[in-house]
Amino acid sequence: MAAAKKKSHKSSGTKTSGKHSGKHGGKHGGGKHSGKGSSATSGASAKRSGAAGGTAPDWDAPPTEVLRAPSGFDLAAFDRHSTPGFSGDKAAGEALVAHHADELSDLQERLFAEGRSGGSRSVLLVLQGMDTSGKGGIVRHVVGLVDPQGVAHRSFGVPTPEELRHHFLWRIRRALPRPGHIGVFDRSHYEDVLVARVDSLVPDDVLEKRYDEINRFEEKVVSSGTTIVKVALLVSFEEQRARLGERLERPDKFWKYNPSDVDSRSKWPAYQDAYQTVLDRTNTEIAPWHVIPADRKWFARLAVSELLLDALRRFDLGWPPADFDVEVEKRRLAAT
C-alpha cells in the first residue's frame, strides 16, 4: 500500500447521514476545527466533483444514491456488467480515481490526526462478495491510495478453533478500527449468514437470530463514532468462470486459485439466495448496503473510491489545534 500511495502523490493530481457524523464529532469534530485548511479542502472538493452529495463529471447522480440498494432490491435482475449512474468509459473512470487520490489521502490524514488527538471517529469499509469479485483489487488500488499506517485491514476466513468457542461477532469486535483509522474487512461478519446458511453450519433458529444481531451490532458501532460503508461486489456467473480460468492459465495467478472456489461456484444458486436474504434483512438506514456491479473491475474500484471519499467528506475534517503554545515553542527552537 505504501508503494501505491507514493505513486498517487507523484502522479496526482454510503449512505451514512451527516446526523451521525456530526453527533460523534466530539472535541475534534469538523465544524469547530475546520479552519482555513478545511475550507481549502472543501473548495477543492467542490471544484473537483461538487460538495458531498453532488455529482462529479461522468456521474449522472451522486454515487451514494445510485449505488445504494433500494428497498425490495432484486438480486436476480441486477445487471452485473453495468455501470449504474456513470456515463464515462474505463479511461474516464480510472482518471477520476486518480484525480481524487490526493483528496482521499488528505482526508485520511486528517482523520488519522484527529484520532491521535482524542477524536472518536473512524470508517469501516465492508467488502463482501463471491470469489473473484475484486475485493483484493479494491484494497490495492483504492485503499492503497492512503497512508497504510491509518488503515486496519482484516480478512475473515474459516473461524479458528478459538473463534468457534465464542459468539460469531467476537472476532469482528476485536477487529474494529481504532479512532482515526479506516478499517477494511475483506469478507466480514456476513460470512456467518452466507457460508453458514449455504453449508448449514448452524441450526436454522440460530441463523435467523443472527440477522437481527448483526443489525444491533452495527447500530452500536455507528453510535460509537464509526461510519460503516457496506459494499456488495456482485460478479456474474460467467465473469467468475472467466476469472477463475485465467488464474489456471497464468503461473503468476496460481497463488490466487483455491480448489474450494469451484466448490463454492457449484453452489451458486444457494449463495445468490443467501445474498438476497442478507440484502433484505440487513439493509438498514444506519448501515445501508451499496450494490456494485463487479464485472468491470475499473467501475467497481471507482465506485468504492467514491463511497469512501463521500464518507470522509461528510466528517468535515479539519486539523486538530496545537495542545502547546506555538510561539513559545518557536522561541525555544530558535534558542537551540
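Would you call VAL221 at pLDDT 95 or above and among the hydrophobic types (A, V, I, L, M, F, W, C)? Yes, satisfied.
Counting only helices (runs of 4 or more DSSP H) that sit completely within the stretch 178-279, those holding 1 or more residues that are closer than 30 Å to GLY118 by Cα correspond to 204-223.
Residues that are closer than 22 Å to VAL139 by Cα and either more than 26 Å from the chain's Cα centre (by Cα) or surrounded by 18 or more Cβ atoms within 10 Å (Cβ to Cβ) (or both) within the stretch 160-174 comprise ARG171, ILE172, listed in sequence order. Return yes or no: is GLY180 within 21 Å of GLY137 (Cα to Cα) and touching a helix residue (DSSP H, G or I) at 6+ places or on another chain (Cβ under 9 Å)? Taking the combined requirement at face value, the residue does not satisfy it. The requirement of being in contact with a Leu (Cβ under 9 Å, 6 or more places away or on another chain), at pLDDT 95 or above and open to solvent by less than 50 Å² (accessible area, probe 1.4 Å) is not satisfied by VAL198.
Being over 19 Å from PHE185 (Cα atoms), at pLDDT 95 or above and not in a helix (DSSP H, G or I) is the requirement here; does SER133 meet it?
no
Can you tell me which residue in the stretch 280-304 is farthest from GLU109 (Cα to Cα), limited to those that are open to solvent by less than 10 Å² (accessible area, probe 1.4 Å) and part of a helix (DSSP H, G or I)? Checked the stretch 280-304; the qualifying residue farthest from GLU109 (Cα to Cα) is THR282.
For the stretch 136-175, which positions are within 24 Å of THR282 (Cβ to Cβ) and in a loop (DSSP other than H, G, I, E, B)? Of everything in the stretch 136-175, those that are within 24 Å of THR282 (Cβ to Cβ) and in a loop (DSSP other than H, G, I, E, B) turn out to be VAL142, PHE156, GLY157, VAL158, PRO159, HIS166, HIS167, PHE168, LEU169, ARG174, ALA175. Within the stretch 184-203, restricting attention to residues that are closer than 18 Å to HIS166 by Cα and of a type in the set (Ser, Thr, Tyr), the residue that is farthest from the chain's Cα centre (by Cα) is TYR190. The set of residues from the stretch 105-121 being open to solvent by 40 Å² or more (accessible area, probe 1.4 Å), more than 11 Å from TRP319 (Cβ to Cβ) and among the hydroxyl-bearing types (Ser, Thr, Tyr) comprises just one member, SER120. Confirm whether ALA92 is modelled with pLDDT of 95 or more and of a type outside the set (Asp, Glu). Criteria met by ALA92.
The values are calculated or read from the model by the stated rules, or taken from the named source; none is laboratory data. Every value quoted in this text rests on a predicted model; they were computed, and no experiment measured them. So basically every Cβ, Gly included, is an ideal-geometry build from the backbone, and we count neighbours across all protein chains shown. Quick note on the areas: whole protein, heavy atoms, side chains included, nothing else; ligands and nucleic acids left out. Shrake-Rupley method; radii C 1.70, N 1.55, O 1.52, S 1.80 Å.
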